[in-house]
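Structure first, then comments.
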C-alpha cells in the first residue's frame with residue numbers, strides 16, 4: 001500500500017508538471033493557437049496576469065501638497081460643578097479623572113487645552129487649504145505643517161458643517177498644489193488616499209470606489225452623496241485627498257464606518273464636485289447657504305410601493321412635516337412621495353437632501369409628488385438651513401432617535417416641575433440597549449449640553465451626536481430630577 005500511494009503521488013506530480021509546461025508554452029506563444037488575424041485565443045488572453053496600479057508617481061508628484069493639521073481648543077468652560085457633599089470624598093477623584101481638572105474639570109476648575117490632528121491639501125499656491133469642518137470645529141488655534149516641516153498658523157476662511165468642509169489660509173507663496181478631477185468617478189476604479197492617520201504624516205493607502213451616492217444618516221446632515229471606498233482611513237486621515245490614477249482629487253476623506261473606532265473596511269469621501277462648489281462659495285463669500293425644505297423622509301420598500309400605487313420602489317416617502325416649515329406652507333403632507341426635484345428623478349430618500357441643499361434659500365423648487373395614487377406638482381419656496389437649525393424645536397415636534405435614545409422636546413409641565421431652562425433641551429422618552437444606556441443615561445433625563453454646545457432641541461442633539469467621531473467620548477450634561485450631572489458618553 002505505501003508503494004501504491006507513492007506511485008500515485010508521482011503520477012499526480014508528473015501530470016501537474018505537464019500542465020505547467022503546457023501553460024508555460026502557451027504564455028510564451030510557442031504553442032498558442034491563433035485565429036486567422038493572429039489574435040490570441042480569447043480564453044488564453046483572459047488568463048494573462050494584469051498589472052497592479054503603480055501609485056509611486058502620484059505620491060512623488062503630490063505628497064508635498066498634502067499637509068498635517070493640528071488644532072487646539074479650550075475645554076472646560078461650563079462643565080460640571082462638584083456638589084459640596086462630594087468634596088473630600090472619593091467622588092471628587094472621579095470628577096477629576098473623567099472630566100479633567102481640579103474641582104470637577106470643565107466648569108469646576110481651570111480650562112484645559114485639547115489637541116487633535118487631521119489632514120488637508122493645498123489648492124492654491126498662495127496658501128488655501130481644504131480640510132473637513134469637523135477637523136477645525138471650535139478650534140482656538142489651527143496649525144498647518146508642510147512637507148518641508150514648516151509650521152504655519154492658519155486662519156479659517158470659512159466652514160460648512162452641512163457638508164463637513166472647511167477652507168484654511170496660510171501666509172505663504174509658491175506652494176505645491178493639487179487639481180480637482182475632470183472626469184466622473186466609476187465604481188470599481190482604483191483610488192489612493194493620503195493623509196496623517198494617528199499623526200503618521202504622508203501615509204498612503206489604496207483601494208477602489210465601492211459605491212457612489214451613499215447617504216449616511218446623521219453624517220453631514222444627509223447633504224452629501226458620499227463616495228464609499230475600501231481605502232484604509234483612520235483618525236487623523238480626515239480632510240486628506242482621495243486621488244485617481246491621474247493624480248487628480250476625486251474626493252475629500254471624511255468618515256469611516258466603525259464599531260471599534262478604527263478602520264473596518266468601509267470609508268467615505270466627499271465627492272469632488274460637491275467639495276469644489278462648496279469651497280468656491282466659501283472663497284467668494286466666506287460662507288455657504290443651503291436650501292431647507294422641512295420634511296423627514298424614508299425609503300420605500302416593495303410592500304410600501306405596492307400599497308401606495310407605485311410600479312417600483314422609488315422616491316422618498318415623507319413621514320413628517322415640520323410645523324411652519326416651507327414644506328408645511330406649500331401644503332406637503334405625511335404620506336406624500338417625492339418623485340423628482342426640479343425634474344431630477346429621486347431614486348431613494350437619500351437623494352433629496354443633496355438636491356435641496358444645493359439650492360439657494362429663497363429659491364423655488366418644483367417637486368413632483370405622488371399623493372394617493374395621483375401625481376401632483378408642488379412649488380416650494382425654500383428656507384435657510386442655517387436659520388432652521390438655529391430655531392429651538394417646537395413642543396409638537398416628533399421624537400428623534402440617536403444612539404439608542406428616543407429624544408423629544410421638553411414638555412412645559414416638566415419645566416415647571418424641575419429647575420430647567422425656559423427653552424431648549426431634549427427629553428429622553430425611551431431607551432434601547434446601546435451606548436447611551438451603557439454610559440448611564442436613563443429615560444426621563446433631559447439633555448442640556450453636549451460637549452460645549454447647549455442643546456436647543458432633540459433635532460440639534462441628534463445632529464451634535466452624529467458629528468462626534470466614532471471612538472470618541474463626549475461629556476453630556478443632564479437634568480435628572482432636581483439634580484444636574486455630567487456623564488461621559490462613548491460613541492462606538
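We did not get these values from a lab; they are worked out from the coordinates using the rules stated. These numbers were taken from a predicted model, which means no experiment stands behind them. Here Cβ is always computed from backbone atoms with ideal geometry, including for glycine, and neighbour counts include all displayed protein chains.
General observations
- Cα-Cα P(r), the stretch 392-490, percent of pairs per 5 Å interval: 2, 15, 28, 29, 17, 7, 1, 0
- Measuring nothing but alpha carbons in the stretch 145-208 and taking Rh as the Kirkwood radius, the Rg to Rh ratio lands at 1.00.
- Straightening the chain between residue 172 and residue 60 buys 38.2 nm, computed as 0.36 nm per residue apart minus the Cα-Cα spacing.
- Cα→Cβ-extended label distance, 7 Å offset, between residue 140 and residue 473, nm: 2.2
- Proxy reagent accessibility, fewest Cβ within 10 Å first, across 460, 431: 431, 460
- Prolate/oblate/rounded label for the stretch 139-292 (Cα gyration tensor, a/c 1.5): rounded
- Cα-based values for the stretch 273-312, radius of gyration first and Dmax second, are 18.1, 48 Å.
- Centroid-to-centroid separation of the stretch 366-382 and the stretch 50-72 [C-alpha atoms, Å]: 47
- Listed by Cβ neighbour count within 10 Å, with the fewest neighbours leading, 406, 448 appear as 406, 448.
- Shape category assigned to the stretch 291-387 from the gyration tensor of Cα positions, a/c cut at 1.5: prolate
- Both radii are taken from the alpha-carbon atoms of the stretch 339-392; with Rh as the Kirkwood radius, Rg/Rh is 1.01.
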